[in-house]
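Engineer: One structure, pasted below without further comment.
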Amino acid sequence: MVALALAALLLLPRTAEADPALARRQLAKALMLFGRGEATAARSWALKATRSDPSWGLAQAVLARAYLALGEGAAAEAALDRAKGAGFDPAKLHQLRAEALLLQGSPDRALKEAAKAPDTYGAYALRVAARALAAKGALPQAQALLAEVLEAADGKDARGWTDLGRVRLQTGDVGGAITATARALALAPRDPDALAIKAELVRGQYGLIAALPWYEAALKVDPWRHDILIDYAATLGDAGRYQAMLAATRRALEARPGSPRALYLQAVLAARAGNNELARALLQKSGGGLDGQPGPLLLAGILDFADGATQQAIEKWRAVVGMAPMNLPARRLLGAALLDSGDTQGALATLRPLALRADADSYSLMLVARAFEAQGERDWAATYLDRAALPVSAPALQFGTDDPLATLRQAAERAPGDPVVQVEALRGELFKGDKAAALTKARDLATRYPGVPQAHLLVGDVLMSLGKPADAATAYARAASLRFDEPTMLRSVEALVAMRAADKAATVAALFLAQHPGNIAARRLVAHWQLAAEDWDAAIDSLEGLRDELGNRDAALLAELALAYAGDDQDDVAELYAAAAYRLQPMNPAVADAYGWVLFQGEALPQATELLRKAAALAPGETGIAWHLAQAEAASGARAEASKRIAALLAKPGFADRAGAAALLATLRRG
């Protein structure tokens, strides 16, 4: 709409004579601002120049260049057409038109146009061609072209390094992208594009909070750069800074009125605040500009489901899963909706990749169990109910796979230079059980692609499956140095806990939470350790905050709340939470243990002992549950059973509360 209005304005008859002298001054201002990285302001001055002298082709060409810097391909192409119509040499426009076509989603046409550029603009044309190849998935060829550009410039082409950084990031080579972006910023420290990719890399490498200053540095150069404002707003939202996020989206709408991405972010904010009507209105206001994008489709489905329009929600979530098969929240939502609508086969097909995961969450497993039960397959239902009741103890692998190993290997052979494809093939070997071969190949891949975090994660995953947590922790640390996201954090914590380095595990979780204050997984870990440290007030605050967000259907969360309140001598509240958790998952040993321990604290010994015995039977190797049961047995007079249980615990090297157990055993033996 803005581009059409601008075109109409430029076609209106002028009431004043052209002023070439004024146009030259305005264009000089535009070029000066453009050279300083202030593309938005440069566009404004170039527009003024075109209005002062509509027949000046150079002004139209500079305007097109500013539009290209702002990512507005259609507006740039229109300006290029006006430049050509005004007599500007068309031979000088090929590289600009190529970029305009690329921005409009036509990489093949962009390649053809870039090939027409004269040698004078060869570097520019090659950079556009490289980006077009990357858009087509030809990543090795794109990198080769950019290497040619950088070699010709003796490594002093800042934009070449920025483009190389983005292409390397697209291949998964995070380390290579970090290096290329550092070279770009060394040459052009005020370049907003280089600062923006640096922000993106820092967000992955260190976290949300660490990325914000880099976005702010880019916006200090060009305060109205729309795409950077959008990424900045999204990062603010993920960090829980909603007021600042709203302000950034409003600026983005000023920079680009009607921006679909800004309206989507505002819709997310409205939905988080519980204003579904406003969220829906904002999505509709985008005018189809978000059609086919996973995030908006996911949100629209949630809004439909909240209104009872289940079938519409299913259609949207099915589209999301089709576009992004590894979108786990979308799979859970789709599976639950299909199950509620009576489509048990569809629910099982959707949830199967989740259930294949060794670390599948209890909610997904419960849904699978319900689907099997609805089909009358009670044996399968019981299997998944049992899994749902047990705490997760398997490595946090990325995703299950049904693909035959031969298919994965063929894909790897067809793309020997694509590290992501190689990782998927090796991950398939891990899932299919060929662990020794997977470890050798994973280490080779990590050596060949040291900047690819997925390769180091795969090494760690195989090592964890082989029972080598210390070696796995080292591999995970290498991955975390490149990309410290939630899966990497969880893997690192898991490995450190397995090697009995709880302090280091707590530090890893705390570092992650400091950068991602809204992250549920990190908050749960911290709350768990607060509980273990008997910091009851802090644990209650953390757990109640989680309950506010997650509701009252999470049995493990309610069980931990019960323990925290019991530790704080609030026995009545503790018993309410423990009973609620037990109603949700009576076969979960952690829940039964929490309920039994709360009752023990309240001196309801017969009921406590019964529950704790049930928990011990469900999880016979869990020393914490056995220790709780031993104390209950001792208090209820079952001295022989308690003594035998405590002696067995003291014989286990990993048992934590040795001093307390030894003291109780001595008391029992004195009798």
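The values are calculated or read from the model by the stated rules, or taken from the named source; none is laboratory data. Because the structure is predicted, anything quoted here is derived from the model rather than measured. Cβ atoms come from the backbone with ideal geometry, glycine included; neighbour counts cover every protein chain shown. For the accessible areas, the whole protein counts, side chains as well, though only heavy atoms, and no ligand, DNA or RNA atoms are used. Shrake-Rupley method; radii C 1.70, N 1.55, O 1.52, S 1.80 Å.
Engineer: With respect to Ala514, determine if the residue is assigned to a helix (DSSP H, G or I), among the aliphatic types (A, V, I, L, M) and open to solvent by 40 Å² or more (accessible area, probe 1.4 Å).
Structural biologist: Criteria met by Ala514.
Engineer: Within the stretch 498-534, track down each residue that is over 22 Å from Asp461 (Cα atoms) and among the basic types (Lys, Arg).
Structural biologist: Within the stretch 498-534, Arg523, Arg524 meet the criteria.
For (1) under 22 Å from Ala369 (Cβ atoms); (2) part of a helix (DSSP H, G or I), each residue gets a yes or a no:
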{"position": "Ala590", "(1), (2)": "yes, yes"}
{"position": "Phe600", "(1), (2)": "no, yes"}
{"position": "Ala617", "(1), (2)": "yes, yes"}
{"position": "Pro620", "(1), (2)": "no, no"}
{"position": "Ala630", "(1), (2)": "no, yes"}
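Engineer: Can you confirm whether Ala578 is assigned to a helix (DSSP H, G or I) and surrounded by fewer than 24 Cβ atoms within 10 Å (Cβ to Cβ)? Step through it out loud before you land on a result.
Structural biologist: Values: assigned to a helix (DSSP H, G or I): yes; surrounded by fewer than 24 Cβ atoms within 10 Å (Cβ to Cβ): no.
Here the answer is no, as Ala578 does not meet what is asked.
Matching residues to (1) at pLDDT 95 or above; (2) open to solvent by 60 Å² or more (accessible area, probe 1.4 Å); (3) acidic (Asp, Glu):
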| position | (1), (2), (3) |
| --- | --- |
| Gly240 | no, no, no |
| Ala252 | yes, no, no |
| Ile302 | no, yes, no |
| Ala306 | no, yes, no |
| Gln312 | no, yes, no |
| Met323 | no, yes, no |
| Leu334 | no, no, no |
| Ala337 | no, no, no |
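Engineer: What is the one condition in (1) in contact (Cβ under 8 Å) with a residue 60 or more places away in the chain; (2) surrounded by fewer than 19 Cβ atoms within 10 Å (Cβ to Cβ) that Leu618 does not satisfy?
Structural biologist: It fails just one condition, (2).
Engineer: Please enumerate the residues belonging to the stretch 92-119 that are open to solvent by 20 Å² or more (accessible area, probe 1.4 Å), part of a helix (DSSP H, G or I) and modelled with pLDDT of 95 or more.
Structural biologist: Passing the criteria: Lys92, His94, Arg97, Leu102, Leu103, Pro107, Asp108, Arg109, Leu111, Lys112, Glu113.
Engineer: Name, by its number, the condition in (1) at pLDDT below 95; (2) surrounded by 17 or more Cβ atoms within 10 Å (Cβ to Cβ) that does not hold for Met499.
Structural biologist: (2)
Engineer: So if I check each of Lys116, Lys156, which one is of a type in the set (Lys, Arg) and in contact with a His (Cβ under 8 Å, 6 or more places away or on another chain)?
Structural biologist: Going through Lys116, Lys156 in turn, just one is of a type in the set (Lys, Arg) and in contact with a His (Cβ under 8 Å, 6 or more places away or on another chain): Lys116.
Engineer: Of the conditions (1) in contact with a Phe, Trp or Tyr (Cβ under 9 Å, 6 or more places away or on another chain); (2) not in a helix (DSSP H, G or I), Arg500 clears all except one; give me its number.
Structural biologist: (1)
Engineer: For the stretch 518-553, which positions are outside any helix (DSSP H, G or I), open to solvent by less than 70 Å² (accessible area, probe 1.4 Å) and touching a residue at least 24 places away in the same chain (Cβ under 8 Å)?
Structural biologist: Gly518, Asn519
Engineer: Yes or no: Leu27 open to solvent by less than 20 Å² (accessible area, probe 1.4 Å) and more than 18 Å from Pro223 (Cα to Cα)?
Structural biologist: Numbers: open to solvent by less than 20 Å² (accessible area, probe 1.4 Å): yes; more than 18 Å from Pro223 (Cα to Cα): yes.
Considered against the rule, which asks whether it is open to solvent by less than 20 Å² (accessible area, probe 1.4 Å) and more than 18 Å from Pro223 (Cα to Cα), Leu27 comes out as yes.
Engineer: Report, by residue number, each residue of the stretch 438-468 that is assigned to a helix (DSSP H, G or I), free of Cβ contacts under 8 Å to residues at least 40 places away in the same chain and either out of contact with any helix residue (DSSP H, G or I) (no Cβ under 8 Å at 6 or more places or on another chain) or open to solvent by 30 Å² or more (accessible area, probe 1.4 Å) (or both).
Structural biologist: Across the stretch 438-468, the qualifying residues are Thr440, Lys441, Arg443, Asp444, Thr447, Arg448.
Engineer: If you don't mind, another one. Working carefully through the options Leu269, Leu282, Leu236, find the one that is open to solvent by less than 40 Å² (accessible area, probe 1.4 Å), without any contact (Cβ under 8 Å) to a residue 24 or more places away in the chain and over 29 Å from Gly35 (Cβ atoms).
Structural biologist: None of the other options fit; the residue is Leu282.
Engineer: Exactly one condition in (1) in a helix (DSSP H, G or I); (2) open to solvent by less than 40 Å² (accessible area, probe 1.4 Å) is false for Lys84; which is it?
Structural biologist: Condition not satisfied by Lys84: (2).
Engineer: Show me the helices (runs of 4 or more DSSP H) found entirely inside the stretch 218-300 where at least 1 residues are β-branched (Val, Ile, Thr) and out of contact with any strand residue (DSSP E or B) (no Cβ under 9 Å at 6 or more places or on another chain).
Structural biologist: By residue number, 226-238, 242-255, 260-272.
Engineer: Regarding the stretch 372-388, can at least one residue be identified that is over 19 Å from Ala324 (Cα atoms), open to solvent by less than 60 Å² (accessible area, probe 1.4 Å), part of a loop (DSSP other than H, G, I, E, B) and modelled with pLDDT of 75 or more?
Structural biologist: yes
Engineer: Considering only the stretch 204-231, how many residues are open to solvent by 10 Å² or more (accessible area, probe 1.4 Å), under 21 Å from Met32 (Cβ atoms) and among the small types (Gly, Ala, Ser)?
Structural biologist: Residues flagged as open to solvent by 10 Å² or more (accessible area, probe 1.4 Å), under 21 Å from Met32 (Cβ atoms) and among the small types (Gly, Ala, Ser) within the stretch 204-231 amount to 1.
Engineer: With respect to Asp154, determine if the residue is charged (D, E, K, R) and open to solvent by less than 50 Å² (accessible area, probe 1.4 Å).
Structural biologist: Working: charged (D, E, K, R): yes; open to solvent by less than 50 Å² (accessible area, probe 1.4 Å): no.
No, not satisfied.
Engineer: Follow-up. Only one of Arg645, Arg670 is in contact with an Asp or Glu (Cβ under 8 Å, 6 or more places away or on another chain) and of a type in the set (D, E, K, R). Can you tell me which?
Structural biologist: Of Arg645, Arg670, the one residue that is in contact with an Asp or Glu (Cβ under 8 Å, 6 or more places away or on another chain) and of a type in the set (D, E, K, R) is Arg645.
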